[in-house]
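Worksheet for the structure shown next.
The values are calculated or read from the model by the stated rules, or taken from the named source; none is laboratory data. Fair warning: this is a prediction, and the values are worked out from it, not measured in the lab. Here the Cβ is made from the backbone with ideal geometry for all residues, glycine too, and neighbour counts use every protein chain on show.
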Amino acid sequence: MTSNTALRWGLYGILILFALFYLMPLFVMLTTSLKSLEEIRTGSLLSLPREITFAPWAEAWSTACAGTQCEGLRPFFWNSVLMAVPAVMISTIIGALNGYVFAQWKFRGANLFFAAILFGCFIPFQVVLLPMAQMLGLMGLAGTIPGLIFVHVIYGLGFTTLFFRNYYVTIPQELVRAAKVDGAGFFRIFWSIFLPISLPIITVSVIWQFTQIWNDFLFGVSFSGAGSQPVTVALNNIVNSTTGVKAYNVDMAAAIIAALPTLLVYVVAGKYFIRGLTAGSVKG
Amino acid sequence: MEWLERNVPKVVLAPSFVAILVFVYGFIAWTAWISFTRSRLMPRYELDGITQYERLFAAPRWDVAMNNLFIFGGLFIVISMVIGLALAIFLDQKIRAEGVLRTIYLYPMALSLIVTGTAWKWILNPGLGIQAAVRGWGWESFTFDWLIRPDMAIYTIVLAAVWQASGFVMALFLAGLRSVDTEIIRAAQVDGIPTHRIYSAIIIPTMAPIFLSAFIVLAHLAIKAFDLVIALTGGGPGYATDLPATYMYAMAFSRGDLGQAASSAMIMMMVIFAIVVPYLYSELRPRRDQ
């Protein structure tokens with residue numbers, strides 16, 4: 001019995017140790033962002049701020065320099081919002097309709113096409129980077145937010161289609177057959193049978209796409225122009241900006257600001273976040 | 001009109017079909033073609049054999065990048081799996097506050113790799129970060145300066161990537177553990193089989209598909225790990241922490257060497273496909289296709 005109790009204490013000890021490991025960077029980011037530079041230089045990384053200051057947050061938001069532009073993260077934060085919201089909505093709507101077809105309206109060759117889409121989820125984006133840069137130039141979308149929306153919709157389609165297809169495939173086909181007999185068409189059936197039960201999978205798809213698009217860096221850095229960079233690119237520019245004194249507290253405040261939207265989504269809707277992650281990896 | 005009605009499903013899929021065909025497969029073909037030309041700053045279309053691949057494999061920087069990929073990928077995958085599995089098994093022991101712990105383990109997965117890289121760059125900063133903090137506690141000779149050492153910097157990438165992804169592996173394994181038939185476990189317990197034997201002989205073998213999924217996801221993350229390197233080390237010191245992804249990016253956007261960019265991207269894709277194709281094949285084959 002006593003050895004068992006000791007074992008359980010050990011178990012909790014290890015679990016708490018790991019919790020500290022995962023929390024430490026967040027703790028360090030937060031405390032650093034609330035310290036003055038003076039205190040950062042003289043104090044310890046892991047100590048609480050002696051005097052709390054919000055000045056680094058204000059600077060990160062509105063005056064820090066990303067490259068040559070010294071307006072803080074604010075304009076880039078809105079760029080990310082303007083990019084993510086339409087891209088998430090469009091890719092989710094198209095994914096829902098695609099998934100509906102693949103699950104309930106199969107035709108010859110549909111399986112092959114589905115496999116082709118699935119395959120597309122796994123390509124390293126490096127392999128489409130060069131032609132996409134050319135293509136965006138041809139379309140007149142190079143360096144613009146609509147261009148980024150376009151890219152995110154195209155390469156998000158695979159996953160959204162997969163989510164909806166795997167969700168709708170569990171709905172008995174008799175239901176669709178019966179509705180067809182009653183004279184309902186493709187969109188009517190989608191609208192009045194499938195859409196009303198889709199809230200969970202819409203949530204999964206929206207959260208997955210939002211996290212992917214908000215956190216994206218590769219497309220952002222490759223395809224954005226001077227005024228259209230998303231927040232991740234701006235954060236990297238602020239951190240690596242070489243002008244003036246290295247303001248670690250501002251860097252950390254900027255990092256937290258860039259992370260806030262997805263963290264918030266995780267805290268509010270963690271269950272769906274996990275479902276998206278696992279649905280994205282364990283299919284079927 | 002009637003034709004349209006019968007073919008609505010196909011019409012709905014058509015735009016995606018065209019998009020995937022052009023922007024995935026067409027673009028892969030374009031990149032493949034460019035990788036066999038002498039393209040430098042601008043694309044050129046006259047074929048030139050495999051000179052780009054010869055240049056690639058002769059480049060010391062590419063050599064470093066591929067080596068790093070194997071070091072980073074191997075360690076990242078193995079360590080994430082070990083930590084993920086261990087945490088999942090520990091959490092499965094009727095732990096109080098399991099929900100809280102799970103939330104804490106998994107939250108890094110919600111962050112951008114740029115944020116992760118920024119945070120760890122600060123923590124690993126030898127002058128003011130963890131090294132300075134431990135020295136401040138009185139351990140004067142404590143040294144943890146991997147970030148600035150060319151031979152060790154790649155391991156900081158491993159550390160940050162494991163921090164980000166191991167909680168996710170935990171979630172995958174925990175879901176797997178929970179889906180094992182409880183009847184079998186109870187029967188084994190009744191027979192007096194010790195817990196560690198129940199895990200090693202009964203539960204873990206049934207989770208083979210989850211190991212495979214976790215491996216695929218992690219391998220995929222490893223090959224694409226571009227953001228983290230950019231934010232944490234910038235590929236440095238020198239090009240000591242270059243990965244194929246950063247090599248490709250440097251060739252494409254700062255060196256103006258499209259041929260090298262295209263050929264390195266093709267190699268990346270082949271590495272991914274070597275891992276993913278057998279997996280996709282096994283996933284798609286046993287589907288109940290009426």
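Residues are listed down the side, and each one gets a yes or a no for (1) crowded, with 22+ Cβ neighbours inside 10 Å; (2) more than 27 Å from the chain's Cα centre (by Cα):
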{"site": "A:Asn166", "(1), (2)": "no, no"}
{"site": "A:Ile171", "(1), (2)": "no, yes"}
{"site": "A:Phe187", "(1), (2)": "no, yes"}
{"site": "A:Ile213", "(1), (2)": "yes, no"}
{"site": "A:Gly220", "(1), (2)": "yes, no"}
{"site": "A:Ser228", "(1), (2)": "no, no"}
{"site": "A:Val245", "(1), (2)": "no, yes"}
Any idea how many residues of the range A:18-60 are in a helix (DSSP H, G or I), surrounded by fewer than 16 Cβ atoms within 10 Å (Cβ to Cβ) and more than 11 Å from chain B (Cβ to nearest Cβ)? 3
Of A:Asn249, A:Asn236, the only residue that is in contact with a Pro (Cβ under 6 Å, 6 or more places away or on another chain) and either assigned to a helix (DSSP H, G or I) or without any contact (Cβ under 8 Å) to a residue 40 or more places away in the chain (or both) is A:Asn249
Considering (1) farther than 27 Å from A:Val233 by Cα; (2) without any contact (Cβ under 8 Å) to a residue 12 or more places away in the chain; (3) hydrophobic (A, V, I, L, M, F, W, C), say which one B:Leu75 fails and leave the rest. (2)
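Picking from B:Leu172, B:Leu159, B:Leu147, B:Leu177, which residue would you name as being within 17 Å of the chain's Cα centre (by Cα) and at pLDDT below 90?
Every option except B:Leu172 fails the conditions.
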B:Ala214 passes all but one of the listed conditions (1) surrounded by 24 or more Cβ atoms within 10 Å (Cβ to Cβ); (2) at pLDDT 90 or above; (3) in a helix (DSSP H, G or I); the exception is number (2)
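Do the conditions hold for A:Leu112, that is, is it within 14 Å of chain B (Cβ to nearest Cβ), assigned to a helix (DSSP H, G or I), at pLDDT below 85 and closer than 30 Å to A:Arg188 by Cβ? Working first, answer last.
Details: within 14 Å of chain B (Cβ to nearest Cβ): yes; assigned to a helix (DSSP H, G or I): yes; at pLDDT below 85: no; closer than 30 Å to A:Arg188 by Cβ: yes.
Against the criterion (within 14 Å of chain B (Cβ to nearest Cβ), assigned to a helix (DSSP H, G or I), at pLDDT below 85 and closer than 30 Å to A:Arg188 by Cβ), A:Leu112 does not qualify.
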Looking at (1) crowded, with 23+ Cβ neighbours inside 10 Å; (2) out of contact with any helix residue (DSSP H, G or I) (no Cβ under 8 Å at 6 or more places or on another chain), can you tell me which one B:Ser179 breaks? (1)
Being within 30 Å of B:Thr246 (Cβ to Cβ), surrounded by 15 or more Cβ atoms within 10 Å (Cβ to Cβ) and either within 27 Å of the chain's Cα centre (by Cα) or free of Cβ contacts under 8 Å to residues at least 60 places away in the same chain (or both): is that true of B:Gly136 here? no
Take A:Val151 and tell me if it is surrounded by 19 or more Cβ atoms within 10 Å (Cβ to Cβ) and within 13 Å of chain B (Cβ to nearest Cβ). yes
Answer from A:Val221, A:Val206 - the residue that is within 22 Å of A:Met132 (Cβ to Cβ) and either in the same structural domain as A:Ile94 (by TED's automatic domain parsing) or among the basic types (Lys, Arg) (or both): A:Val221
Contacts under 7 angstrom Cβ, first residue in the range B:264-277 being at the interface with chain A (Cβ under 9 Å from one of its Cβ atoms), partner of a type in the set (Phe, Trp, Tyr), 6 or more apart: B:Ser264/B:Trp62; B:Ser264/B:Tyr247; B:Ile272/A:Phe122; B:Val276/A:Phe122
Scan of the range A:85-95 for residues that are within 12 Å of another protein chain (Cβ to nearest Cβ) and either surrounded by 24 or more Cβ atoms within 10 Å (Cβ to Cβ) or touching a Pro at 6+ places or on another chain (Cβ under 9 Å) (or both), ordered by number: A:Ser91, A:Ile94, A:Gly95
For the condition within 24 Å of A:Gln212 (Cα to Cα) and in contact with a Gly (Cβ under 6 Å, 6 or more places away or on another chain), what is the one hit in B:Val24, B:Val115, B:Val18? B:Val24
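Can you name the residue in the range B:67-101 that is over 28 Å from A:Leu11 (Cβ atoms) and either away from every other protein chain (no Cβ under 14 Å) or basic (Lys, Arg) (or both) and, of all such residues, is surrounded by the most Cβ atoms within 10 Å (Cβ to Cβ)?
Here is the first cut: in the range B:67-101, the residues over 28 Å from A:Leu11 (Cβ atoms) are B:67-74.
Subsequent filtering for residues that are either away from every other protein chain (no Cβ under 14 Å) or basic (Lys, Arg) (or both) retains B:67-68, B:70-72, B:74.
On the way: B:Asn67: 13, B:Asn68: 24, B:Phe70: 11, B:Ile71: 14, B:Phe72: 22, B:Gly74: 13.
Going through the qualifying residues, I end up with B:Asn68.
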Output for the range B:1-43, where each listed residue is of a type in the set (Lys, Arg) and within 13 Å of chain A (Cβ to nearest Cβ): B:Arg6, B:Lys10, B:Arg40
With B:Ile202, B:Ile193 as the choices, which residue is surrounded by 15 or more Cβ atoms within 10 Å (Cβ to Cβ) and among the β-branched types (Val, Ile, Thr)? B:Ile202
Can you find even one residue in the range B:151-163 that is crowded, with 18+ Cβ neighbours inside 10 Å, within 11 Å of another protein chain (Cβ to nearest Cβ), within 21 Å of A:Ala259 (Cβ to Cβ) and among the hydroxyl-bearing types (Ser, Thr, Tyr)? no
Which number in (1) out of contact with any strand residue (DSSP E or B) (no Cβ under 9 Å at 6 or more places or on another chain); (2) more than 14 Å from chain B (Cβ to nearest Cβ) marks the one condition that A:Gly72 misses? (1)
Residue hits (the range B:102-150; over 21 Å from B:Asp227 (Cβ atoms) and at the interface with chain A (Cβ under 7 Å from one of its Cβ atoms)) are B:Thr103, B:Ile104, B:Tyr105, B:Leu128, B:Ile130, B:Ala132, B:Ala133, B:Gly136
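Given B:Ile71, B:Ile79, B:Ile28, which one is in a helix (DSSP H, G or I) and farther than 25 Å from B:Val169 by Cα? Even if it seems obvious, please write down each step before you answer.
Values: B:Ile71 fails: farther than 25 Å from B:Val169 by Cα; B:Ile79 fails: farther than 25 Å from B:Val169 by Cα.
Among B:Ile71, B:Ile79, B:Ile28, only B:Ile28 is in a helix (DSSP H, G or I) and farther than 25 Å from B:Val169 by Cα.
Within the range B:210-221, does at least one residue satisfy the condition of being in contact with a Pro (Cβ under 9 Å, 6 or more places away or on another chain) and either under 22 Å from A:Gly120 (Cβ atoms) or of a type in the set (Ser, Thr, Tyr) (or both)?
Let us first name the residues in the range B:210-221 that are in contact with a Pro (Cβ under 9 Å, 6 or more places away or on another chain), namely B:220.
Remaining after also requiring either under 22 Å from A:Gly120 (Cβ atoms) or of a type in the set (Ser, Thr, Tyr) (or both): B:220.
Yes - at least one qualifying residue is present in the range B:210-221.
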In the range B:245-263, the residues that are farther than 16 Å from B:Val229 by Cβ and either more than 7 Å from chain A (Cβ to nearest Cβ) or of a type in the set (Val, Ile, Thr) (or both): B:Arg255, B:Gly256, B:Asp257, B:Gly259, B:Gln260, B:Ser263
